Structures are given as C-alpha cells and as structure tokens.
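Notes to accompany the following structure.
The values are calculated or read from the model by the stated rules, or taken from the named source; none is laboratory data. Computed from a predicted structure; not experimentally measured. Cβ placement follows ideal geometry from the backbone for every residue including glycine, while neighbour counts extend to all protein chains displayed.
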Amino acid sequence: MKKIITLVALSVLLTGCVRSGANNVSVKAEQLTGHRFVLETVNGQAVPPGEHPADIRFDNEMKVSGHMCNSFSGQGKLSEGKLTVKNMAMTRMMCADAQRNTLDSTIGTLLNAGAQVDLTDSQLTLTTADQTLIYKLAAEAQ
C-alpha cells in the first residue's frame, strides 16, 4: 500500500514539474498578432496545402480569420493560453476535398469551445481534448 501511495505522489509531483516547465508559458496576444500560419497536420494526419492552403491569421486587434474549405473570421480572446472565438462567421460552400469539408467543422468547434495555444519557434499548436491542429508560420503574402 505504501508503494502505491508513493507512486501516486511521485506521479503528481512529476506532472507538476512538466506543467510548470519553460515551454508551458502562456502565449500572449502580441506573439500571434500580425502573423499567418498554414495548417500542416490535424491529429497527426498531414493536410496537403492544395491550391489554397488551410490557414489562420491574427490581426492587431486579435481578430482571427483564415480558411479551411470555407473562410472564417471572428473576434478572438486569448486568456491564460486559451484561444476562444465566439460567434465566428463562416462561408458555407461545399468543397471537392472531403478532408477540407470536415476541417470547417473542426475549426469552428475548436475555436468556439476554446483551444489551448502553444507557440514554439515557428510552430503554432491548437489543442483540445479531442483535436490537435499544428500550423507553421508562413509568409504574409496570399
């Protein structure tokens, strides 16, 4: 019994160390504003760039916009490393690419519920309990 208690205590301690590490510092709005990121993977599955790469942008007032199959936009709020976009507007066209059609729903749900944000070098990661989207910093043109 003492071994189990010791293992549980050690696990909790190690989890605390991981969460408070240097890489887990909350992302600030100014680190995102003025940047465009291109989607590379969703839940570990590659997203081909296609003619119009799926992307996300942040303007100087934290307005979030971009597109998957359709274009989306809304006012973002970043609080304690969590990005939320309530009342997001999105066009509603059907795309030939089934993956892109699915991504419309994914980004809408993810941003409405709020996603944990990690920014490491040129990689932006948006994570919820069910989804992980990984983006790469891109040139502003397009």
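If you scan the stretch 66-98, which residues turn out to be charged (D, E, K, R) and either assigned to a strand (DSSP E or B) or at negative phi (or both)? Don't jump to the end; show me each part of the working.
If we filter the stretch 66-98 for residues that are charged (D, E, K, R), which is where we start, we get 77, 80, 82, 86, 92, 97.
Result: K77, K82, K86, R92, D97.
When you go through N101, N112 one by one, which is the residue that is outside any loop (DSSP other than H, G, I, E, B) and either of a type in the set (D, E, K, R) or at pLDDT below 90 (or both)?
Numbers: N112 fails: either of a type in the set (D, E, K, R) or at pLDDT below 90 (or both).
Being outside any loop (DSSP other than H, G, I, E, B) and either of a type in the set (D, E, K, R) or at pLDDT below 90 (or both) holds for just one of N101, N112, which is N101.
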Practice task
Could you please tell me which pairs satisfy a Cβ distance under 9 Å, a separation of 6+ or placement on different chains, a first residue in the stretch 33-52 that is in contact (Cβ under 8 Å) with a residue 12 or more places away in the chain and closer than 14 Å to Q99 by Cα, and a second residue that is of a type in the set (S, T, N, Q) and exposed (fewer than 13 other Cβ atoms within 10 Å of the Cβ)?
Solution key: H52/Q142
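Pick out the one residue from T106, T102 that is touching a strand residue (DSSP E or B) at 6+ places or on another chain (Cβ under 9 Å) and free of Cβ contacts under 8 Å to residues at least 12 places away in the same chain. Steps first, please.
Working: T106 fails: free of Cβ contacts under 8 Å to residues at least 12 places away in the same chain.
So the residue among T106, T102 that is touching a strand residue (DSSP E or B) at 6+ places or on another chain (Cβ under 9 Å) and free of Cβ contacts under 8 Å to residues at least 12 places away in the same chain is T102.
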